[in-house]
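The values are calculated or read from the model by the stated rules, or taken from the named source; none is laboratory data. Treat the numbers as computed from the prediction; the structure is a model and nothing was measured. FYI the Cβ positions are ideal-geometry reconstructions off the backbone, even for glycines, and counts take in every protein chain you see. Surface areas here come from the heavy atoms of the whole protein model, side chains and all, with no ligands, DNA or RNA. Shrake-Rupley method; radii C 1.70, N 1.55, O 1.52, S 1.80 Å.
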Amino acid sequence: MKRNAVPQIRLAAGVSLLLLVAAVTGCSTKSPASSLPAGDSGAKASLSSVKIALVPGGAHPYFQPWTAAGAKAKADFRLGKVTYNETAEWDQAKQNSLLTSLAAQGYNAFGIFGVSPTDINATFSDLKSKGFAVASLASCPAGSTDNADFCLSTDVEQAAYKAAKAAIAAMGGHGKLVHLTGNNVDSNTQRRIAGVKRAVEETNGQVKLLTTVTDVDKDLQTAQKAVSDLLTANGSKIKGIVTTAYNPAVAAAAGVKAAHLPIKVVAIDDDPKILAGIKDGSVAATVAQNPAGQAYVGSWALGQLASKACTVKTPGVVVDSGSFVVTAANVGTYDSERQAKTAQLQSEFKNSVLSCS
């Protein structure tokens, strides 16, 4: 998700991530995994020798598709092993310890959603120095440098922009809009905020951003309280709510429906409750991300790198995993668009991102 929840639901997340992405959040404690055993180096190896660990920063609904997508990648590409481990508990030091443990167990390729976007590059560098293949999945590090081999993530700013445009359209192009999102210190959250602001500015004052509520994607209970407080204080003033993180999206959809308020809600990701809301009209739209595509294509690419079949043409390259506006018109068919994007992503890696012998 480009983080958060999402995804968008930072719903990477899209995620939008997807999406968030978009924004999933976490605590920051710098502790590089310096005791990692070295990975294999040298001659080209079989894909069956590649053992991939998909490691999010902690438990979050956005990452659940990684499990099935990783298993499918293992079978389709004949990889040695693909495991999913979410026990980092949203602490960078604990995530680093987990990576050390996985390396000691023989894993030689890693798809990682870093807990701390400002510190994760140190972890990537340490992994790379030991000879491991490393992908930054669902979120790129803060700033313009990525020390992983590549980043495959939702373009969260673009996903948030799409979501805000959809909300503005549902509002009839005028009125007060509220933005609910993830951890304020997360770089993905800041990108989402920028995307929403850009869409609002394009209305030339017809839509006003009443408030941006951050730090409400920790869990569903936190999001539900934030939505309840918001509707109690300003429910009559709000014409639209755009959510760019997973938990506040679910909370906003349920809260507005329960309050019987004429507020247009645009969510992120494709939680079943969100899709049900689109079908019954209580949710105007959502922006789905592509977490399954991140894990599937990311695992394929890691397999190529760890087996020495390919190298990255531009180390640290960023690839957008896609975000998709879902409305009543395409709620039953949008996943075919996402699957097509995943196929296109694999072709993009083959033709443009990797250099293969």
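Ignoring everything except DSSP H segments at least 4 long, calculate the 222 nm mean residue ellipticity for the chain; use -39,500 (n - 2.57) per segment, divide by total residues, nearest 500. List each step's numbers first, then the result.
Values: 10 runs with 135 residues, N = 357.
About -12000 deg cm²/dmol.
Can you give the extra length, in nm with one decimal, that the chain gains between Leu47 and Thr87 once fully stretched, where that is 0.36 nm per residue apart less the Cα-Cα distance?
So the chain would gain 11.8 nm between Leu47 and Thr87.
Quick check: at a probe of 1.4 Å, how many percent of the accessible area of the chain sits on carbon and sulfur atoms?
Working: 6650 of 13130 Å².
Taking all protein chains in place, the chain shows 51 percent carbon and sulfur surface.
Going Cα to Cα from Lys72, which lysines come in below 18 Å? Please leave out same-chain ones fewer than 8 positions away.
Result set, ordered by chain and number: Lys51, Lys81, Lys341.
What FRET efficiency comes out for the pair Ala68/Arg198, r = Cβ-Cβ distance, R0 = 35 Å, nearest 0.05? Walk me through the numbers before you get to the answer.
Details: r = 35 Å, r/R0 = 0.99.
The pair Ala68/Arg198 has a calculated efficiency of 0.50.
Cα centroid distance between region 107-138 and region 164-234, in Å?
31 Å
Within region 91-181, what is the number of lysine pairs with alpha carbons under 20 Å apart, leaving out pairs fewer than eight places apart on the same chain? Before the final figure, lay out the partial values.
On the way: Lys94/Lys128; Lys94/Lys130; Lys162/Lys176; Lys165/Lys176.
Close lysine pairs under the 20 Å cut-off: 4.
Compare the peptides 287-297, 204-214 by average per-residue count of other Cβ atoms within 10 angstrom and give them in order, highest first.
Numbers: 287-297: 33.3, 204-214: 15.8.
Ranked by mean Cβ neighbours within 10 Å, highest first: 287-297, 204-214.
Between Lys218 and Asp76, with labels modelled 7 Å along Cα→Cβ, what's the label distance in nm to one decimal, could you check?
In this crude label model, Lys218 to Asp76 measures out at 3.8 nm.
Output needed for the chain: three equivalent-ellipsoid semi-axes, defined as square roots of 5 times the C-alpha gyration tensor eigenvalues, in descending order, whole Å. Don't skip to the end; give the middle numbers.
Values: eigenvalues 259, 75, 52 Å².
Equivalent ellipsoid of the chain: 36, 19, 16 Å, largest first.
Where the eigenvalues come from the Cα gyration tensor of region 86-183, what are the semi-axes √(5λ) of the equivalent ellipsoid, largest first, in whole Å?
Values: eigenvalues 249, 37, 23 Å².
Those come to 35, 14, 11 Å.
So if each residue of separation counts as 0.36 nm, and I subtract the Cα-Cα distance between Ala343 and Ser357, what length gain in nm does that give? The partial results should precede the final answer.
On the way: separation 14, 0.36 × 14 = 5.04 nm, distance 2.14 nm.
Full extension of this stretch gives 2.9 nm more.
Can you tell me the accessible area per residue over region 146-279, all protein chains present, probe 1.4 angstrom, in square angstrom? Mind showing how you got there, number by number?
Details: 5340 Å² over 134 residues.
Per residue, region 146-279 has an accessible area of 40 Å².
Using θ = phi - 60° and the Karplus curve 6.51 cos²θ - 1.76 cosθ + 1.60, what whole-Hz ³J(HN,Hα) does each residue of region 84-99 get, with Gly and Pro shown as x?
Karplus-based 3J(HN,Hα) across region 84-99 equals 10, 9, 10, 8, 6, 6, 6, 9, 5, 5, 5, 5, 4, 5, 4, 5 Hz.
Looking at the calculated P(r) for region 174-215, what percent of the C-alpha pair distances fall above 13 Å? Don't skip to the answer; put the middle values down first.
On the way: 431 of 861 pairs.
The calculated P(r) of region 174-215 puts 50 percent of pairs beyond 13 Å.
Based on the Kirkwood radius over alpha-carbon pairs, what is the Stokes-Einstein translational diffusion coefficient of region 216-357 at 4 °C with 1.567 mPa s viscosity, in µm²/s?
Values: Rh = 17.0 Å.
Roughly 76 µm²/s, to the nearest whole number.
State the antiparallel share, in %, of DSSP beta bridges confined to the chain, rounding to the nearest 5. All intermediate terms of the calculation are to be shown ahead of the outcome.
On the way: 6 of 41 bridges.
The antiparallel proportion sits near 15 percent.
Quick one: what are the phi-derived ³J(HN,Hα) couplings along region 156-165, Karplus 6.51/-1.76/1.60 with θ = phi - 60°, whole Hz, x for glycine and proline?
Rounded to whole hertz, the list is 5, 5, 5, 5, 5, 4, 4, 5, 5, 4.
Average projected area of the Cα convex hull of region 161-233, in nm²?
Details: hull surface 19.6 nm².
Across all orientations, region 161-233 yields a mean hull projection of 4.9 nm².
Between region 317-340 and region 61-101, how many Å separate their Cα centres?
23 Å
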